[in-house]
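Colleague: This is the structure, below, for whatever I ask next.
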Protein chains: 2
Amino acid sequence: MTEVAVGERAPVRRRDAEATRAAILAAAKRQFANFGYDGAALREIAAEAGVDVALIGRYFGGKEGLFTEALKASFEDRFPFRDRAAFPGEIAEMMAGDAQARPERTHAFQFLLRAATSPTTAPLLSLALQERFLGPIRDWLGGEDAGARSRVLAGAFIGFLVERLIRDEPLRGREREVFIARVSEIFGRLVS
Amino acid sequence: MTEVAVGERAPVRRRDAEATRAAILAAAKRQFANFGYDGAALREIAAEAGVDVALIGRYFGGKEGLFTEALKASFEDRFPFRDRAAFPGEIAEMMAGDAQARPERTHAFQFLLRAATSPTTAPLLSLALQERFLGPIRDWLGGEDAGARSRVLAGAFIGFLVERLIRDEPLRGREREVFIARVSEIFGRLVS
DNA sequence: CGGCGAAGTCAACGCGCATTGACATCGCCG
DNA sequence: CGGCGATGTCAATGCGCGTTGACTTCGCCG
């Protein structure tokens with residue numbers, strides 16, 4: 001994340017192409033995540049980045065180009081594949097946790113989900129998802145029928161995220177415990 | 001489903017408000033399912049229904065009204081809750097089946113998923129989903145912690161659907177078998 | 001110090017959209 | 001059969017969007 005110094009030591013170069021690009025991209029990630037491809041407005045993205053709209057055209061060629069870059073960038077905030085034993089618990093906690101707890105992850109997820117629904121972006125997403133999500137899961141799972149098993153895993157994964165997005169009130173108390181236990185159990189079975 | 005007789009016995013009443021309404025609604029369900037709330041155009045819906053755009057305004061008040069009705073109607077094609085023993089297998093088969101096999105169900109699902117992502121429609125969906133999906137599941141599940149368990153079930157349910165929508169190539173052969181087995185197992189655990 | 005290209009600004013265009021109001025036509029009911 | 005309300009038609013309006021091109025300003029480099 002490139003940060004723009006605001007108060008101290010005003011930037012030596014006020015015209016910094018790289019910083020501008022980064023600012024636009026960051027704003028785009030947020031906007032696309034929150035409003036989807038169609039819902040996000042270039043004007044708004046530009047405003048949030050403190051930049052003129054025309055620069056988006058210059059740097060990214062257009063809305064679709066910007067989206068593609070943002071999609072790629074959103075995968076950088078990666079998903080946690082670590083040891084198989086810890087995975088189910090971690091992931092269940094993550095699902096149960098409120099959305100604010102891990103903003104960048106939630107962001108990335110929202111981004112992907114929103115992208116899944118627009119016919120314009122679905123192909124792009126499908127490709128990226130295959131490359132960067134299903135592929136890795138598949139390799140990580142390994143063993144027999146890794147393909148089918150990774151699809152099941154991915155399905156469950158996505159599903160809980162969607163469920164959380166739709167009803168974004170955080171889980172609490174006993175309900176939370178039960179939720180975590182069940183989800184954890186499911187993922188435990190899926191990685192074995 | 002109201003069907004419009006085309007060849008034989010030209011309609012006695014050519015001005016039929018109810019039939020017009022139904023035609024619009026049917027077209028709307030298809031269009032919203034395929035293109036989402038933002039992507040669907042009233043003009044296109046009207047054209048598909050063989051009707052003037054202005055009538056949508058008259059009958060449904062506007063785009064949002066039309067969407068709400070279509071959303072409600074999409075739940076009519078209901079999900080199969082039958083006996084608990086058969087449920088897991090049925091649902092797994094359903095998930096594994098190709099999208100063409102049960103067009104109206106796939107339609108309804110696409111509709112819901114597309115709706116989930118647009119901020120405009122998310123609240124509407126959230127409400128409808130609660131009333132007509134999570135609520136019934138919850139009652140159907142019954143027993144202890146029905147709330148949390150129904151959320152897990154709904155999550156898994158939605159997830160597999162999304163996964164299928166994103167990669168819509170049908171599953172085949174051994175991959176299909178493994179998929180069904182795993183999914184069936186998950187739902188089996190979730191209803192107990 | 002001077003110019004030249006990169007970075008940023010501004011305004012306009014064209015498009016598709018939902019919505020609206022005035023108008024035409026049908027069909028029922030008295 | 002006559003009128004009146006329901007049904008359907010048409011055209012216009014306004015809005016937000018992405019995109020584009022000409023213009024201005026900066027900062028580096030010779």
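Colleague: Calculate one ³J(HN,Hα) per residue across segment B:170-187 by plugging θ = phi - 60° into the Karplus curve 6.51 cos²θ - 1.76 cosθ + 1.60, and present them in order as whole Hz with x for glycine and proline.
Modeller: Result, ordered by residue: x, 7, 9, x, 5, 4, 4, 4, 4, 4, 4, 4, 5, 5, 4, 4, 4, 5 Hz.
Colleague: Going by amide H atoms built from the backbone, whose H comes under 5 Å of the H on B:Thr121, apart from near neighbours?
Modeller: none
Colleague: Say R0 is 51 Å: what FRET efficiency, to the nearest 0.05, do A:Glu144 and A:Glu177 get from their beta-carbon distance? Please list the in-between numbers first.
Modeller: Values: r = 33 Å, r/R0 = 0.65.
In this case the efficiency is close to 0.95.
Colleague: Identify the residue of chain B whose Cβ lies closest to the rotation axis that maps chain B onto chain A, and give that distance in whole Å.
Modeller: B:Gly159, 1
Colleague: Here is a follow-up. Apply the Karplus curve 6.51 cos²θ - 1.76 cosθ + 1.60, θ = phi - 60°, to the phi angles in segment A:58-66 and return the couplings in whole Hz, x for Gly and Pro.
Modeller: Each residue's phi maps through the Karplus curve to give 5, 7, 10, x, x, 5, 5, x, 4 Hz.
Colleague: So, one more: Ordered shortest first, which distances in nm separate the 7 Å Cα→C-beta label point of A:Gly135 from those of the other copies?
Modeller: 4.6
Colleague: Straight distance only, please: which lysines reach the Cα of A:Lys29 with their own Cα at less than 26 Å, same-chain residues fewer than 8 apart left out?
Modeller: Counting by Cα, and skipping residues close in sequence, A:Lys29 has these lysines nearby: A:Lys63, A:Lys72.
Colleague: Can you give the net charge of the other residues whose Cβ lies under 9 Å from the Cβ of B:Leu190, counting K and R as +1 and D and E as -1? Can you show the working numbers first?
Modeller: Working: positive: A:Arg182, B:Arg149, B:Arg189; negative: none.
Every neighbour counted, the sum reads +3.
Colleague: Can you list, shortest first in nanometers, how far A:Ala73 lies from the same residue in the other copies, with each label 7 Å from Cα toward Cβ?
Modeller: Spelled out, the distances from A:Ala73's label point are 4.2 nm.
Colleague: Let me ask you something else. Taking B:Tyr59 in one copy and the same position in all the others, each labelled 7 Å out along Cα→Cβ, what are the pairwise distances from the first, in nm, shortest first?
Modeller: Those separations, rounded to one decimal, come out as 4.8 nm.
Coordinate-derived values only; no laboratory data. On a predicted model such as this, the values are computed, not experimentally measured, just so you know. Glycine also receives a Cβ, built like all others from the backbone with ideal geometry; neighbour counts cover every protein chain displayed.
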